[in-house]
1. How many residues are within 23 Å of the chain's Cα centre (by Cα) and either exposed (fewer than 10 other Cβ atoms within 10 Å of the Cβ) or modelled with pLDDT of 75 or more (or both) when one looks only at the stretch 51-63?
2. Give Ser85, Ser48, Ser66 a once-over and let me know the one that is among the hydroxyl-bearing types (Ser, Thr, Tyr), surrounded by 10 or more Cβ atoms within 10 Å (Cβ to Cβ), modelled with pLDDT of 70 or more and part of a helix (DSSP H, G or I).
Amino acid sequence: MRKPIESTGFTPPSGRALGSERRTAALAELVAIAGLALCTIVAATVVSVGIARADVAGNVIDNEGSMFTVALVLGVIFVAMGGVSVFTLPRHKPKKQ
């Protein structure tokens, strides 16, 4: 029967000596970071192209510009009110033991 894994992630198991595993872990982390960065760039590009092709804001502004302006101003006001309300919440104080 195999021993259960004590820790997860890129660190080598505790029973092995450090050495080439350290370089392998660093390489695995580097590949993971590069992959995540590439996927983020691809996703941002796809979303940007989709927004540009949809041109929803242009159609709304052309037809009902004043209504769009009012909705935009109200949205900014509500977001600002939400941000201000966060500062009015009571602060959590950790209990001393």
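The values are calculated or read from the model by the stated rules, or taken from the named source; none is laboratory data. This structure is a prediction, so every number in the text was calculated from the model and none was measured. Here Cβ is always computed from backbone atoms with ideal geometry, including for glycine, and neighbour counts include all displayed protein chains.
1. Matching residues across the stretch 51-63 total 1.
2. On the way: Ser85 fails: surrounded by 10 or more Cβ atoms within 10 Å (Cβ to Cβ); Ser66 fails: surrounded by 10 or more Cβ atoms within 10 Å (Cβ to Cβ).
Result: Ser48 is the single residue among Ser85, Ser48, Ser66 that is among the hydroxyl-bearing types (Ser, Thr, Tyr), surrounded by 10 or more Cβ atoms within 10 Å (Cβ to Cβ), modelled with pLDDT of 70 or more and part of a helix (DSSP H, G or I).
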